[in-house]
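Novice: First the structure, then my questions, so here it is.
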Amino acid sequence: MPFDTALRQAPGPLAQGQRAHDAAQDRRFEFATATRIIFGAGTLREVGPLAAEMGSRALVVTGRKPARATPLLDLLAAQGIEAITFSVAGEPTAEVTRLGTQRAREAGCDLVIGFGGGSALDTGKAVAALLTNGGDPLDYLEVIGQGQPLVRPSAPYIAIPTTAGTGAEVTRNAVLASPEHRVKVSLRSPLMLPRLALVDPQLTYSMPPEVTASTGLDALTQVMEPYVSNRANPLTDALCRDGMRRAARSLRRAYACGEQGRTKHGDDAAAREDMALASLFGGLALANAKLGAVHGFAGPIGGVFPAPHGAVCASLLPHVMAVNVRALQERFPESEALRRYDEIARILTGNERATADDGVAWVQELCDALRIPSLASYGVTPDNFPVLIEKASVASSMKGNPIQLTPDEMREILTRAL
């Protein structure tokens, strides 16, 4: 039964969270992604000639350790491409984006390359957009800015992830923190899609276990939430199912590589490849469907507290699942979303008789095994709940949740995650 049909048959008012459209609207969907995706172990060595086709002077945006980009810089130099590095030490902000854009302009860069985790990739994406569109990030940011649309395609942008979690190499937005507003918001446009996404799983081998855990659970979240979202479509469904299978069989194994010692991160190449694919599929899915309450909360929490995005998502995931499932069971027991939670449980557990509640238990056990910190470890207390609930209620990701949660249900999620 199609998702939209099942939602229309669900009891109760659609206004309470089962936002269904008429059949003609629901059967229309759009799928957009990077112009080109290259995936495979060792594919970083292909970047030189590809970059040379796009420009001759590159701003290379890295994470806090720019030395990790040395192999990339060598490959660019071999093609005669001058590289100017710009390091992003933490979560990207509007100010960091301003500085990166200024550096690129002063150096006459005609190409931007993001090399690192989600922070580096999102910063590069935003810089590439501002290079051609001009103005200030606040001219274009959602919620806290003017929300003006970008009108010109971004400067050529190559996204090269070194973690397996965000999928930012194929998304059409850059998430920027605004410390003065205590929130994270997006600069968003289809014109921001990278010209090339190059995903080399070998670049993730050196991830320490805690980063493998948090980014891996972010990847898992991003193939689960679009699958139960109210914007799911056949293309994202296929990506989500395969991504969940890969994460279910490989996240613990990838984590165990790091647990064995700092020199053995890459021992399980197959597990690292699975997680890189799960991350890529999650990025493709979230960019073309919707997310849900995990990411609805993650933005406000990340804007108020110094907590990494992946770690926040990991700490929230089992509790959002549990509350979503119970709310659906109570208010929409015949909904397609609840059936999909049952299917998620079967994929994750490998048990054809598993139910949604079994899926919740499996994810909680996984979080325990991967030693996911609680929200309290980042300073979150019950006193913060009102403002977090207020901000999460209007977050764009929350609009994709399969059911509209009540304030009490949102408070329960935060309480469970402390």
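Novice: When all alpha-carbon pairs of the range 107-239 are counted, what percent fall beyond 27 Å? Display every interim value, and only then the final one.
Specialist: Details: 2115 of 8778 pairs.
Value for the range 107-239: 24 percent of Cα pairs lie more than 27 Å apart.
Novice: Which angle between 0 and 90 degrees, to the nearest 10, do you get for helix 118-133 versus the longest principal axis of the chain when only C-alpha atoms count?
Specialist: Here the helix axis deviates by roughly 60 degrees.
Novice: For the chain, modelled as a Gaussian network with Cα springs under 10 Å, which listed residue fluctuates most, 276, 77, 285?
Specialist: Result for the chain, Cα springs under 10 Å: 77 fluctuates most.
Novice: Rounded to the nearest 0.05, what FRET efficiency do residue 394 and residue 78 give with R0 = 51 Å and r taken as the Cβ-Cβ distance? Could you check?
Specialist: Details: r = 49 Å, r/R0 = 0.96.
Working from the Cβ atoms, E equals 0.55.
Novice: Let me ask you something else. On C-alpha positions alone, give me the angle between the axis of helix 234-259 and the longest principal axis of the chain, in degrees, nearest 10.
Specialist: Approximately 70 degrees, to the nearest 10.
Novice: Here's another thing I want to ask about it. In the range 40-145, what trypsin sites (Lys or Arg not before Pro) fall in a loop by DSSP, with at most 13 other Cβ atoms inside 10 Å? Present the calculation step by step, with values, prior to reporting the outcome.
Specialist: Numbers: sites: 45, 57, 64, 68, 98, 103, 105, 125; in loops: 64.
Of the trypsin sites (Lys or Arg not before Pro), the ones in loops of the range 40-145 whose Cβ has at most 13 other Cβ atoms within 10 Å are 64.
Novice: On to the next question. Starting from 0.36 nm per residue, how many nanometres of slack lie between residue 182 and residue 143 once their C-alpha separation is accounted for?
Specialist: Details: separation 39, 0.36 × 39 = 14.04 nm, distance 1.19 nm.
Additional length available on full extension: 12.8 nm.
Novice: In nanometres, what is the gap between the two model label sites at residue 53 and residue 408, each 7 Å from Cα along Cα-to-Cβ?
Specialist: According to this spin-label approximation, the distance is 5.9 nm.
Novice: Within the range 127-166, whose backbone N sits under 20 Å from a point 7 Å along Cα→Cβ of residue 206?
Specialist: Label zone hits: 159-166.
Novice: Moving on. How many angstrom lie between the C-alpha centres of the range 347-418 and the range 170-228?
Specialist: Computed from Cα coordinates, the inter-centre distance equals 19 Å.
Novice: Right, here's the next one. In deg cm²/dmol and to the nearest 500, what is the mean residue ellipticity at 222 nm of the chain if only DSSP H runs of at least 4 residues count, each as -39500 (n - 2.57), divided by the residue total?
Specialist: Values: 16 runs with 208 residues, N = 418.
After summing the helix terms and dividing by residue count, I get -16000 deg cm²/dmol.
Novice: Continuing with the same structure: What is the distance in Å between the Cα centres of the range 98-140 and the range 298-345?
Specialist: 32 Å
Novice: Would you work out if the range 343-418 is rounded, prolate or oblate? Take a ≥ b ≥ c from the square roots of the eigenvalues of the alpha-carbon gyration tensor; rounded if a/c is under 1.5, else prolate when a/b is larger than b/c, oblate otherwise. Intermediate results must be reported in sequence, preceding the final value.
Specialist: Numbers: a/c = 2.79, a/b = 1.48, b/c = 1.88.
Oblate, since a/c reaches 1.5 and b/c is not below a/b.
Novice: Hey, another quick one. Please identify, among 129, 289, 238, the residue showing maximal mean-square fluctuation in a Gaussian network model of the chain using a 10 angstrom Cα cutoff.
Specialist: 238
Novice: Please find, in a Gaussian network model of the chain (springs between Cα atoms separated by less than 10 Å), the residue of 381, 355, 171 whose mean-square fluctuation is greatest.
Specialist: Taking springs between Cα atoms under 10 Å, the residue moving most is 381.
Novice: Need one number: nm distance between label points at residue 418 and residue 98, each 7 Å from Cα along Cα→Cβ, rounded to one decimal.
Specialist: Here the answer is 3.7 nm between the modelled labels.
Novice: Please compute the length gained on full extension between residue 376 and residue 349, using 0.36 nm multiplied by the number of residues separating them and subtracting their Cα-Cα distance. Can you show the working numbers first?
Specialist: Numbers: separation 27, 0.36 × 27 = 9.72 nm, distance 2.89 nm.
Going from the current span to full extension adds 6.8 nm.
Novice: How large is the translational diffusion coefficient of the chain in µm² per second when you combine the Kirkwood radius over alpha carbon pairs with Stokes-Einstein at 4 °C and 1.567 mPa s?
Specialist: Numbers: Rh = 21.4 Å.
It comes out at roughly 61 µm²/s.
Novice: Quick check: from the Cα gyration tensor, does the range 289-417 come out rounded (a/c under 1.5), prolate or oblate? Working shown, then result.
Specialist: Values: a/c = 2.06, a/b = 1.36, b/c = 1.51.
Oblate, because a/c is 1.5 or more while a/b does not exceed b/c.
Novice: Do any GluC sites (Glu not before Pro) in the range 116-202 lie in a DSSP loop with no more than 11 other beta carbon atoms within 10 Å, and if so, which? Please list the in-between numbers first.
Specialist: Values: sites: 142, 169, 180; in loops: 142, 180.
In loop regions of the range 116-202 (DSSP not H, G, I, E or B), the sparsely surrounded GluC sites (Glu not before Pro) are 180.
Novice: Give the Debye-formula value of log10 I(q)/I(0) at each listed q (0.18 Å⁻¹), with one equal scatterer per alpha carbon of the range 50-158, two decimals each.
Specialist: With no solvent term, the Cα-only Debye profile gives -0.81.
Novice: Give a quick list of GluC sites (Glu not before Pro) in the range 314-363 that DSSP marks as loop, anything other than H, G, I, E or B, with at most 16 other Cβ atoms within 10 Å.
Specialist: Those satisfying the criteria are 334, 352.
Just so you know, all these numbers are worked out from the coordinates, no wet-lab data involved. These figures come from a predicted structure and were not determined experimentally. Here the Cβ is made from the backbone with ideal geometry for all residues, glycine too, and neighbour counts use every protein chain on show.
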